[in-house]
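Heads up: the structure comes next, in structure tokens.
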Amino acid sequence: MFNPFERMIAFRYLRARKGERFVSVIAIFSLVGIALGVATLIIVMSVMNGFRQELLGRILGLNGHMAIYNAQAGNIPDYGPLAERIRAVPGVVSATPLVEGQVLLTSESGGASGGLARGIRPEDMAARRIIASNIRAGRLSDFTGDDAVLIGTRMAARLGIAIGDRLTLISPQGRTTVLGTVPRLRAYRVVAMFEVGMNEYDSTFVFLPMGAAQTFFQAGDSASQIEVFVEDPLRARAVNTAIRAAAGRPLRILDWQDANSSFFNAVKVERNVMFLILTLIIIVAAFNIVSSLIMLVKDKGRDIAVLRTMGATRGAVMRIFLLCGASIGVLGTSIGFLLGLVFCLNIESIRQLIQSLSGTELFSAEIYFLTQLPAVVDPNEVVQVVAMGLGLSLLATLYPSWRAARTDPVVMLRNE
């Protein structure tokens, strides 16, 4: 498309000579702007993807894809047979009965915190990989009997608890006596600690064996809900109908999309807004290319006239300036692409380095829910960002190149 003569002239124009420094500086700023815009877009989109994927994996890994409740107020008395019928539904991976309730937690050291207590059968807890594979202290095999409790590492740090210490659970739903309502409380021995990497869970959730939870919450032989995992979380609502038919009774079913819809919609909206805002960086850099090429055309007016009188066609002149602008766009996009990928692959190390140098916490687990900064690079999004950078750069060269090609050599030489 470009012959050697056109390439030689184009690259010669890109090199600054005496008296042309200002045009070259604008071109450099254009290149830096495109590189930063492309890199920032790749980094932000990757972080948002990682944030959503990590949250989705942890929320669904701990809470399940669907929660099944009694249609009327109260617990589910025949949770065993009902769970078996639900497990037989095609597409269902597991159905786990749970006893759940809000509690106040206190330790022997005087610490206190609110929490969510969940009663679960030991065999079901062993099958819950997000917990079983993230035990940081103690042994999951000790999670049996009426005196065991499993807590998160952040809760243990907040309450000053170690393995073997006693943790007191206080239920706001107390028992009625002649002196009034007295809160139920009982101390349990901490047998293990988990860390799933999500602050809300590591600092809030407390797990008890099913029998111990039923006794503490006075649930008898019943469960407050049945937690269901399905093969494809995106098809949870399709399995919903089959579960209702298999149950043979009215149920209240809440899937993960309903329970977390506002949260994930907020993440999606934020991601789209960030994409639009950061695209402006590339657009501004593209306008810099326009201004730098227009100034270059005005500066090289006499050269263009000489080229035309020597036989260069309008198409050749247009291609020379197209090559000048395209070189800035391609080089800037390539630098931004490499910079963005390198940053994403080392984002956690970079965060730790910046934190150690600045002495400030850049990614608080209490605010952002996760303990590490995630980044998941989506190849399709990277291709879109690179294509947008190249496309805007090429579009920015069209008008200045057309203007250069329309230059009248007679007028330019007469003015000289």
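The values are calculated or read from the model by the stated rules, or taken from the named source; none is laboratory data. Note that the structure is predicted; figures quoted are calculated from it, not measured. So basically every Cβ, Gly included, is an ideal-geometry build from the backbone, and we count neighbours across all protein chains shown.
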Select from region 84-106 the residues that are assigned to a helix (DSSP H, G or I) and buried (at least 21 other Cβ atoms within 10 Å of the Cβ) and list them in ascending order. Ile86
As an exercise: evaluate Asp221 against (1) surrounded by fewer than 21 Cβ atoms within 10 Å (Cβ to Cβ); (2) acidic (Asp, Glu); (3) touching a strand residue (DSSP E or B) at 6+ places or on another chain (Cβ under 7 Å) and give the number of the one condition it does not meet. (3)
Please name all residue pairs, on different chains or six or more residues apart, with Cβ atoms under 7 Å, provided the first residue is in region 294-317 and is within 27 Å of Val25 (Cβ to Cβ) and the second residue is not in a helix (DSSP H, G or I). Asp299/Glu20; Gly301/Thr407; Arg302/Glu416; Ile304/Thr407; Ala305/Thr407
Return a yes/no flag: does region 166-182 have any residue that is under 20 Å from Ala83 (Cβ atoms), surrounded by fewer than 17 Cβ atoms within 10 Å (Cβ to Cβ) and in contact (Cβ under 8 Å) with a residue 60 or more places away in the chain. no
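I need a count of the residues in region 248-282 that are closer than 26 Å to Ala213 by Cβ and either without any contact (Cβ under 8 Å) to a residue 40 or more places away in the chain or small (Gly, Ala, Ser) (or both). Quick ask: steps written out before the conclusion?
Initial filter on region 248-282 (closer than 26 Å to Ala213 by Cβ): 249-256, 258-260.
Now drop any that are not either without any contact (Cβ under 8 Å) to a residue 40 or more places away in the chain or small (Gly, Ala, Ser) (or both), which leaves 258-259.
The total comes to 2.
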How many residues does region 369-394 contain that are at pLDDT below 85, surrounded by fewer than 18 Cβ atoms within 10 Å (Cβ to Cβ) and more than 23 Å from the chain's Cα centre (by Cα)? 1
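Can you go through Leu338, Leu357, Leu353 and tell me which one is in a helix (DSSP H, G or I), more than 20 Å from the chain's Cα centre (by Cα) and either surrounded by 15 or more Cβ atoms within 10 Å (Cβ to Cβ) or modelled with pLDDT of 80 or more (or both)?
Details: Leu357 fails: either surrounded by 15 or more Cβ atoms within 10 Å (Cβ to Cβ) or modelled with pLDDT of 80 or more (or both); Leu353 fails: either surrounded by 15 or more Cβ atoms within 10 Å (Cβ to Cβ) or modelled with pLDDT of 80 or more (or both).
Step by step, each of Leu338, Leu357, Leu353 is checked, and only Leu338 is in a helix (DSSP H, G or I), more than 20 Å from the chain's Cα centre (by Cα) and either surrounded by 15 or more Cβ atoms within 10 Å (Cβ to Cβ) or modelled with pLDDT of 80 or more (or both).
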Condition set of a type outside the set (Asp, Glu) and assigned to a loop (DSSP other than H, G, I, E, B), scope region 63-83, selection modelled with the lowest pLDDT: answer is Ala73
Determine, yes or no, whether Ala245 is without any contact (Cβ under 8 Å) to a residue 24 or more places away in the chain and of a type in the set (Gly, Ala, Ser). yes
Within region 38-62, residues modelled with pLDDT under 85 and not hydrophobic (A, V, I, L, M, F, W, C) come out as Asn49, Gly50, Arg52, Gln53, Glu54, Gly57, Arg58, Gly61
Using the structure shown, decide if Phe287 is in a helix (DSSP H, G or I) and modelled with pLDDT of 75 or more. yes
Long-range neighbours under 9 Å by Cβ, at least six apart or interchain, first residue free of Cβ contacts under 8 Å to residues at least 40 places away in the same chain within region 128-146, second surrounded by fewer than 16 Cβ atoms within 10 Å (Cβ to Cβ): Ala132/Ala126; Ser141/Ala126
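Would you call Gly19 small (Gly, Ala, Ser) and at pLDDT 80 or above?
Numbers: small (Gly, Ala, Ser): yes; at pLDDT 80 or above: no.
For Gly19, the condition - small (Gly, Ala, Ser) and at pLDDT 80 or above - is not met.
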